[in-house]
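Please treat every number below as a calculation from the coordinates, not as lab data. What you see is a predicted model; the values in this text were computed from it and never measured. Using ideal geometry, Cβ is built from the backbone for each residue, glycine included, and neighbour counts are taken over all protein chains shown.
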Amino acid sequence: MTFAAGNWSPLASLPGMDDSEFERWASLLEKRTGVVVPLKRKAFLVTSVRGRMRETGHADFEAYFRDLQKVPEGAIEWTTLVDRLTVHETHFFRHPPSFALIARDWLPLLATDPARTALHAWSVGCSSGEEAYTLAMVLDRHLAERGGKSYFGVTATDVSLPALAVGRAGLYPRQKMDEIPDEYRNRYCEPLDADSFRIRESLRKRVGFAQFNLLDAVGASMKRLDLIFCQNVLIYFARERRRDLLATLANLLKPGGLLVLGPGEVTQFAHAQLARVDNRNVLAFRRTS
Ligand SMILES: C[S@@+](CC[C@H](N)C(=O)[O-])C[C@H]1O[C@@H](n2cnc3c(N)ncnc32)[C@H](O)[C@@H]1O
């Protein structure tokens, strides 16, 4: 069997998935991305895998699983399947207190360091880009208000290629403009037609999108960053994996750098070089040395 994307099979019904088959698919996803699908979300996994099996003309899970292991066609197919098996919900200014903390508390602190002439931020698990563009809007506006140090860049990464393509285009449904506060909307968004708007080019230029599996960050030699924003990604991961990844993210911060997580995303996390930011609405840590 070969993969033929978009090739609808006439197969009206596909077999059910027993719990051991489910375990096999769930552990493949966990091993490759870190994302855990608990048994109570079996229906989601089954629907997603079956949907893709219909499109590629596979009649049974076993054959599809086997084809996924093939090199290189299995790897290509995986890039489509992984998009179906992961949750991409996202919004502009999704958690406003986190962005307020960056603008009001963290940027003024950085301004006191004359050696810092450029700011590099990373949106980890950026989905379709709303989080990365929000960071860019906040950094652009507040750095400009402070004058001087105005260079910044945001790297936005995800495992999902379709999500990254949306982010790269910077084109969104018009109703999403309502998520963006007025003071940012006019400055950074241009309405295209009745149904859509686009992030202005001047801001799009500041955000680079790339496919990157967060699991590959462990042990990778990467440039150190000023700001790492990782919300609503680790919640899908097993607890032990979250701890390892957080230690990795902490090591990728420059001294004075900020790690922002989703509220409640981890509990009892401590790291020798990170100090918890004193803000009960935001889960953030500042690198001390
Ligand atoms: C729910 S979205 C969160 C988007 C955004 N961070 C936010 O808070 O609005 C989770 C994203 O994490 C991505 N993701 C899951 N596992 C990943 C991994 N191992 N490496 C990189 N991205 C991953 C998914 O593809 C998805 O787009």
The chain: angle of helix 73-85 to the longest principal axis, Cα-based, in degrees nearest 10: 70
Using only Cα atoms and rounding to the nearest 10 degrees, what angle (0 to 90) does helix 130-146 make with the longest principal axis of the chain? 10
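Quick one: in the chain, what % of C-alpha pairs are over 37 Å apart?
Details: 8637 of 41616 pairs.
Distances greater than 37 Å cover 21 percent of the Cα pairs.
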For Glu30 and Gln69, extending 7 Å from Cα along the Cα-Cβ vector and measuring point to point gives, in nm, a value of 1.9
Given q = 0.11, 0.21, 0.27 Å⁻¹, what are the Debye log10 I(q)/I(0) values for segment 19-85, with equal point scatterers placed on the Cα positions and solvent ignored? -0.22, -0.86, -1.49
Integer Hz, Karplus 6.51/-1.76/1.60 couplings in order for segment 48-61, x for Gly and Pro: 5, 5, 4, x, 6, 5, 4, 5, 9, x, 8, 9, 9, 4
Amide H proximity to Val159 below 5 Å, modelled H, separation 5+ or other chain, gives Phe212
Relative to the longest principal axis of the C-alpha atoms of the chain, give the angle of the C-alpha long axis of helix 239-251, reported between 0 and 90° and rounded to the nearest 10°. 40
Taking the Cα centre of each part, how many Å lie between segment 43-85 and segment 246-274? 35
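Pull out a ≥ b ≥ c, the square roots of the eigenvalues of the alpha-carbon gyration tensor of segment 137-217, then state rounded if a/c is under 1.5, prolate if not and a/b is larger than b/c, and oblate in the remaining case.
It is oblate, given that a/c is not under 1.5 and a/b is not larger than b/c.
What does the extension gain come out to for Asp19 and Val87, with contour length at 0.36 nm per residue minus their alpha carbon separation?
Details: separation 68, 0.36 × 68 = 24.48 nm, distance 2.17 nm.
Here the segment from Asp19 to Val87 would lengthen by 22.3 nm.
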Give me, ordered by chain and number, the residues 5 or more places off Asn232 or on other chains with an amide H under 5 Å from its own placed amide H. Gly262
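For Glu183 and Asp278, FRET efficiency with R0 = 30 Å and r from the beta-carbon atoms, rounded to 0.05?
Details: r = 26 Å, r/R0 = 0.88.
E(calc), rounded to 0.05, equals 0.70.
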Candidate lysines - alpha carbon under 24 Å from Lys40, same-chain residues fewer than 8 apart omitted: Lys31
Karplus-derived 3J(HN,Hα) from phi for segment 115-128 (6.51 cos²θ - 1.76 cosθ + 1.60, θ = phi - 60°), whole Hz, x at Gly and Pro, runs 6, 8, 9, 9, 10, 10, 10, 10, 9, 8, x, 7, 6, 8
From the phi of every residue in segment 277-289, what ³J(HN,Hα) in whole Hz does the Karplus formula 6.51 cos²θ - 1.76 cosθ + 1.60 yield, where θ is phi - 60° and glycine or proline is x? 6, 7, 7, 6, 9, 10, 9, 9, 9, 10, 6, 8, 8
Placed amide H near Gly57: partners under 5 Å, 5+ positions off or other chain: Ser9
Reachable aspartates and glutamates from Lys205, criterion Cα separation under 14 angstrom, eight or more residues apart if same chain: Asp140
